[in-house]
Each structure stands twice: as C-alpha cells, then as structure tokens.
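In what follows, a single structure is set out as structure tokens and then discussed.
The values are calculated or read from the model by the stated rules, or taken from the named source; none is laboratory data. Here the structure is a predicted model, which means the values were calculated and not measured. All Cβ positions, glycine included, derive from the backbone under ideal geometry; neighbour counts span all protein chains shown.
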C-alpha cells in the first residue's frame, strides 16, 4: 500500500475528485460569470436526450472512433510486419514512422491544415498527375476522413511499436514448423501470429478507442466542428458548450455521457476478449 | 492486519476528498482599507502594458487610501472569453476586464457587469457627453446605466495592395474611392482579375473563419441585410436581402475573387503581400511596412449604399468583484479625457474631442492624414457597431453549422432557412 500511495494520491486528487465534481456540476445549472449555480437534478440529461446537435455529435464521434480504430490498427500492424525484419537501416524506418508520435499535436495539425488547403501541398501534388483535389476540410464528404487521416498518421507509430514488440515475441520455431508443413505466409500469419499477438491487439484496441473518442485539438484547429456538424465530435461540443455558450452544467452532462460511452465500449471489448484472446495467464 | 490497512486507506481517502472540497469552497472576506485591484485583458503587448501600468501607478499615488495596487493580467488563452471564464470559474475573479463587443449585450443582460454610470457622471471633468452615443449605446441598458467604456472604437476599412493590383493591370482603387464606382462589385471584379493574373488572394477578411461567421454577415448591411431584427428577437437570415448578399458572396468565392474557405484555418495575412484586398481595422496597419505600396480606404458601397461598421472593445467592472466601487473609481480615472488621449496612442477612441488627425496618427503612424480623415474620422460618428445579440453565445454554433454550406457552394436559401429554424426559438426567448 505504501508503494502505491503516492500514485494513488495523485489519481485521487487529479482524477477521482474532479470527476466527482463533474458529476455534481452536471446536476446543476452553472454559469461561472454570474456565479449562479442552481441544482436542477437530471434536467441537463433530459435536455440532452432531445438535443439534435448532441445526437449528431455522438454519431460523428462514433464514426470517428471506428474509422481511427480500423485504420490505425490496420496500418500499424502492416507497418510492424514490414519492419519486423533484420535488415540494415531498419531502425531508421522505425524511427521515421514513430516520430509523429512525439511531435506537438498543434504543430502537426497546423501543418496538415496547410497541406489539406484547397491550394495546399496535397492538391498541388494531385494537380501534377492531372487530378483536381477537393476542398478536403471544407467539403462535408471529406472533412471527417481528413481529420481521421491526420489523427491516424499522428498516432500509428505508437501502435506500430507495440505490435513490433509483440511480433518479436512470436516463437520462430512455430512459424518454421508451419512453413515446413506447407502453410503459406498468410496462413501462418492468420493462424499463428495473430492469435499469439491477440493480447497486444486487445490492448491497442482499447487504448485507441479511448483516445479516438477524446480527440479535440485537430478538430479545433482544422475544422472547428464543421462543415455542418460532420466533425463536431463530443469533446469539441463539450468545449464549445462550456466556454462559448457558458453552460458549464450542460457541458458537464455531455462529459459524463462521453465517459459512459468510453467506459461502455471499453468494458464491451474487455468482456468479449475471451472469445478471441486465448493467451491469458 | 488487512482490516487495519483497509481502514487506514478509507480514512486517508476520505481526508483527501474532504480537504479538496474545502480548498475549493468559499471566497475571501471583504477587505477593509486599501485594496488590490486586478484587470484582465487580452493584450500582452509590452507597450500597452507599460501605458496601463503608468496610468495605474498614477492612480495609486493619488488614491492610496482606497487602492494599494493595480495589476494588469493578460489572459493567455487564445480564446479570451474561454480563458476569462475558466479563471472566474476557478474563483479568481478580476475586478475589471476587457470585454469584446460580441459579448457586451449578453454580459449586460446577464448582470455580469457593474453599472458605473453614477461614478462616471460624478467624476470631475469626465464629460460623459463627449463619448459618441453610437459607441456607448451597446454598453447601456434601457435605463441609461453604463456598463462599460468602449476604449477601442475602431472602424473596418479596406486595405489595398496597390502593387498587386497594378501588376494585374487593374485601375487605381484609391482614385475610385468617393466616386459612384467605388462599390463592392467593382472591388471584387478587380480582386477576381488580380487573382486570375497573379495567383494572389483577391479579397479576404483576416479574422474570418466559419466559427467567426459574423465578420462576413456584418458586410451585408450594404445590401440592407441584418442577421436579426433591431430588438434581436426575430431572425433576419432568411430575408431576401441576406439571401441576395450571401449568394453574391458565394459567387465571389466561386469566381476566385474571395479565397475558398478551407476548414477553420485563418486566411492569409495582408502583410504577406499576397493579398490584394483585406477588410480589417486600424490595428492591422501596425504589421505593415514599406515592402509593398498599400492604401487604407473606407468600405465600398453596396446595393443599399454605404454602411460603415465599427468593432469595439470595452473595459468594465465585473459585478462579482469584491471591490466594485474602488474598481469603478479607477475605471473613471483610466477613461477620463486625459488618459483617453493616452490610450488613443493604441486604440481609436470613442470620444468626439479626440477624433482628430493629431490624436489618431499616434495609433496609426503609418497612415496618411488623408487616410485617417476619410477612413476613420469621417466614418466613426456615422458607423454602426457590428450586429450584437444578448443571446449570441447560445446560438452562434448553430449559425456556424447551418451556414457552412454557403462557403462551399451549397444552397443559400436552404442554409439561411435552416439558420432561422435553428435560432428563432432562442431569439424569441
């Protein structure tokens, strides 16, 4: 107990206590600039239940989450497989793919804002090959996927490193034995490698889901929640509700609902893990 | 042993939570004797702060029995109101604060600002009547109370990059100013031609982003378009005038006169030299030099004539301040005619007596006397403040979401109809 006390103290003071306060604020109408705070029970949640903007925001968040999960894990695993080789200079490539992880999210987003501009780098490149690129961030049909791409490229390096470590723990003898038995590389990957790294897939899936539902900075910097509500994800809606509309109680209710969604998806992944993760001690 | 450790852990946890709740509670007891005042502002410009500290020190020297110190605290959050709100929510309430004009009516209505009219009117030599009525009205209620002094009352003007326009073979825009040909249509024709010839941006509004849509809708007054009725209770977005204006604006984007809107990124800066026309206030001139030849002109006319616009910033006392009377006393001193003249070094003043070339040239040393006369002195007395609404913060994001299709070639009628459907219930209260 003594060993974990400092960490526990930090979690309680900086995590648990503020969280309990958020739940309390969600039961109030609180406007800090006037100092008014009135207990209104579940009225904020009732208002949420009939707010079309909230539902649009939930939809955007879920779309965002699924897209990031699929692309991040898919690309990270593919990169890990490609980089899981003993070749000269392979470390350089691993470093290159990991480097976006340590770049400031603001600098990353602003730079991508320039690249995705109608006359930016990406459309400039497409023009060279005869393609008129869209207004990536101004078109409702491309804005969300553009922000997803920015976020995926930023974070894929972390999952790549985790998958790389997991791949390197797969016993080579098993893969050699499978090869001797005539199994193709794809069959070996599907039937041996993937089950062996399933715990890591579970870990990255949970962490990526949580992270994807908390994305804020790229939306704030690139799209401002638009066009329309296409990128108006829950963290951004929460921020605008609190600091623009000055409705701290309502924003707290959004925060509590976001927490419930993230917790629900995390628990869903955790309790369904036994169906596909068989390598637990 | 395990039961004992569990009990210790529970007591420790309870103690931490109790300490946290206690630390978060309560305010300070009212102070007797001289007080320390704080003012929140969004500028961290050293020259601004030096001047304010100079005025503050002079006030403390004269009123040491009431005020022992005045601290000017820049709010470093890029969104000033968000930063100020966070600070106040955390219990750190400044006595005075700069307030942007967009927040003015809402703050007045919500009782966030303290009525300083009695203090201003009774201050020796203050001359409330010297403040332009059009500048002061947004900071008053129906009873004539005064909730802020608009220390910055700055008209929007048209900056012209003469070198770019000439390189595109276009006429001298300054020569058109004051003639019937000086219209938005003429200016955007030149902007489109300049963009086509040079690749530079035609006409932009540097502060425009889809989130900050009011910087575009404000220009609709030249089409007779208003976003809401004068009393702010009925939506004007779906009016024929606003539809005409936004359709015209969309056409300018389509033909390249105005750059396409790309997400939430700010447009190119006029100072870059790659923008032919820029709609901005006096302060933009501070970032310009002799790299290219430029001119500062009044806004052009639209189908419904010439409609000048000003943007404001006010300084107010917060109702939640524990030192309201002392803060109001300092506000009266800070904004009296003598100190208003000092503030005019940086901010266009709302006082009629200070609307002269000599005073305003301090705020804009790079403008010629003719430019100051035409684009500021002649404009300010007849300009309207940007459209405000006491419920703006409640519906601004709904307008943003509904107007987004306008910037990308969508149906303007459908977009404006959606705006009114979304915001009418809020406007009606």
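Points to keep in mind about this one:
- Matching residues, segment A:232-261, being facing another protein chain (nearest Cβ under 9 Å), buried (at least 21 other Cβ atoms within 10 Å of the Cβ) and on the phi < 0 side of the Ramachandran plot: A:232, A:237, A:240, A:241, A:242, A:243, A:247, A:248
- Lone qualifier among A:48, A:33, A:77 - being buried (at least 17 other Cβ atoms within 10 Å of the Cβ) and part of a loop (DSSP other than H, G, I, E, B): A:33
- The requirement of being surrounded by 23 or more Cβ atoms within 10 Å (Cβ to Cβ) and either under 30 Å from residue A:240 (Cα atoms) or assigned by TED's automatic domain parsing to the domain that holds residue B:288 (or both) is not satisfied by residue B:427.
- Test: residue B:303 is out of contact with any strand residue (DSSP E or B) (no Cβ under 7 Å at 6 or more places or on another chain) and under 21 Å from residue B:185 (Cα atoms): yes
- Single condition residue B:248 does not satisfy, out of (1) over 28 Å from residue B:366 (Cα atoms); (2) within 14 Å of chain A (Cβ to nearest Cβ); (3) modelled with pLDDT of 95 or more: (2)
- Scanning segment B:112-126 for residues being touching a residue at least 40 places away in the same chain (Cβ under 8 Å) and surrounded by 16 or more Cβ atoms within 10 Å (Cβ to Cβ) gives a total of 8.
For (1) surrounded by 21 or more Cβ atoms within 10 Å (Cβ to Cβ); (2) within 30 Å of residue A:224 (Cα to Cα); (3) away from every other protein chain (no Cβ under 14 Å), each residue gets a yes or a no:
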| position | (1), (2), (3) |
| --- | --- |
| A:136 | yes, yes, no |
| A:140 | no, yes, no |
| A:146 | yes, yes, no |
| A:151 | yes, yes, yes |
| A:161 | no, no, yes |
| A:166 | yes, no, yes |
| A:172 | no, no, yes |
| A:178 | no, no, yes |
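- For segment B:324-402, the helices (runs of 4 or more DSSP H) that sit wholly inside it and include 3 or more residues that are in contact (Cβ under 8 Å) with a residue 60 or more places away in the chain, in contact with a helix residue (DSSP H, G or I) (Cβ under 9 Å, 6 or more places away or on another chain) and surrounded by fewer than 23 Cβ atoms within 10 Å (Cβ to Cβ) are B:324-334, B:337-343.
- Check on residue B:262, free of Cβ contacts under 8 Å to residues at least 40 places away in the same chain, assigned to a loop (DSSP other than H, G, I, E, B) and within 14 Å of chain A (Cβ to nearest Cβ): yes
- Flag for residue A:199 being surrounded by fewer than 18 Cβ atoms within 10 Å (Cβ to Cβ), under 20 Å from the mean Cα position of the chain (by Cα) and either within 14 Å of chain B (Cβ to nearest Cβ) or farther than 30 Å from residue B:401 by Cβ (or both): yes
- Criterion: at positive phi and more than 14 Å from every other protein chain (Cβ to nearest Cβ) - qualifying residue of A:225, A:182: A:182
- Across segment B:240-256, not a single residue is classified as outside any helix (DSSP H, G or I), touching a residue at least 40 places away in the same chain (Cβ under 8 Å) and surrounded by 19 or more Cβ atoms within 10 Å (Cβ to Cβ).
- When residue B:414 is tested against (1) touching a helix residue (DSSP H, G or I) at 6+ places or on another chain (Cβ under 8 Å); (2) touching a residue at least 24 places away in the same chain (Cβ under 8 Å); (3) within 14 Å of another protein chain (Cβ to nearest Cβ), just one condition goes unmet, and that condition is (2).
Yes or no, residue by residue, for (1) in contact (Cβ under 8 Å) with a residue 24 or more places away in the chain; (2) at the interface with chain B (Cβ under 10 Å from one of its Cβ atoms); (3) within 19 Å of residue A:257 (Cβ to Cβ):
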site: A:9; (1), (2), (3): no, yes, no
site: A:40; (1), (2), (3): yes, no, yes
site: A:56; (1), (2), (3): yes, yes, yes
site: A:63; (1), (2), (3): yes, no, yes
